[in-house]
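What follows is a single structure, written as structure tokens, with notes after it.
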Amino acid sequence: MTALSEAPTHSVPGIVLPAAFRAFHTLQEPAYRLYTEAHTAPADSSLVLGRAFGELAAHWSQIMLRTDPAAYAWDLFTATVHASAGQLAIPATSRLQYEAVVLHHIAGCTIHRTSETTGRPPEKVRHLLRTWPPPAHLNVTRG
């Protein structure tokens, strides 16, 4: 007979993420972190980043079925970040232009890295950055 004060212990099984997700996380985490940090206070960035990667893990099977998994993952990621932290006061003609500007001009990612991160072709990223009219108060150089 077990004493009432002795609560039974339960173990929670560990979650094993697919190898493809772990590889994706290793590749994308640095740029995703920079994007998150641009939108959050330092104390909140890890929590928001973790929540966003959690969303990606939860939808991983759907992401992998897409013809454009990197772009679909990026869209889910940014939706989660923006739901938690909002957006910066950066004028842009589209959501993707805004994201390219944040990655390139604020986070310091190259055009190639911005392309890999967003899952969009480098030519598209270049076009979005070239056609972005930076506000006068932002001191940015075109890249």
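The values are calculated or read from the model by the stated rules, or taken from the named source; none is laboratory data. No experiment lies behind these values; they were computed from the predicted model shown. Glycine also receives a Cβ, built like all others from the backbone with ideal geometry; neighbour counts cover every protein chain displayed. Heavy atoms of the whole protein, side chains included, go into the accessibility calculation; ligands, DNA and RNA do not. Shrake-Rupley method; radii C 1.70, N 1.55, O 1.52, S 1.80 Å.
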Any chance Thr93 is hydroxyl-bearing (Ser, Thr, Tyr), surrounded by fewer than 17 Cβ atoms within 10 Å (Cβ to Cβ), farther than 20 Å from Ala23 by Cα and more than 12 Å from the chain's Cα centre (by Cα): yes
Residue match in segment 112-124 (condition: of a type outside the set (Asp, Glu), assigned to a loop (DSSP other than H, G, I, E, B), touching a residue at least 12 places away in the same chain (Cβ under 8 Å) and within 13 Å of Thr36 (Cα to Cα)): no
Residue in segment 119-133 that is modelled with pLDDT of 95 or more, surrounded by 15 or more Cβ atoms within 10 Å (Cβ to Cβ) and more than 21 Å from Val81 (Cβ to Cβ) present: yes
Residue in segment 37-55 that is of a type in the set (Val, Ile, Thr), closer than 15 Å to Leu103 by Cα and buried (at least 16 other Cβ atoms within 10 Å of the Cβ) present: yes
Any chance Glu99 is acidic (Asp, Glu) and open to solvent by 20 Å² or more (accessible area, probe 1.4 Å): no
Matching entry among Ala38, Ala57 (being part of a helix (DSSP H, G or I), of a type outside the set (Lys, Arg), under 29 Å from Ala19 (Cα atoms) and in contact (Cβ under 8 Å) with a residue 60 or more places away in the chain): Ala38
Residue list for segment 60-105, filter: aliphatic (A, V, I, L, M), assigned to a loop (DSSP other than H, G, I, E, B) and without any contact (Cβ under 8 Å) to a residue 12 or more places away in the chain: Ala89
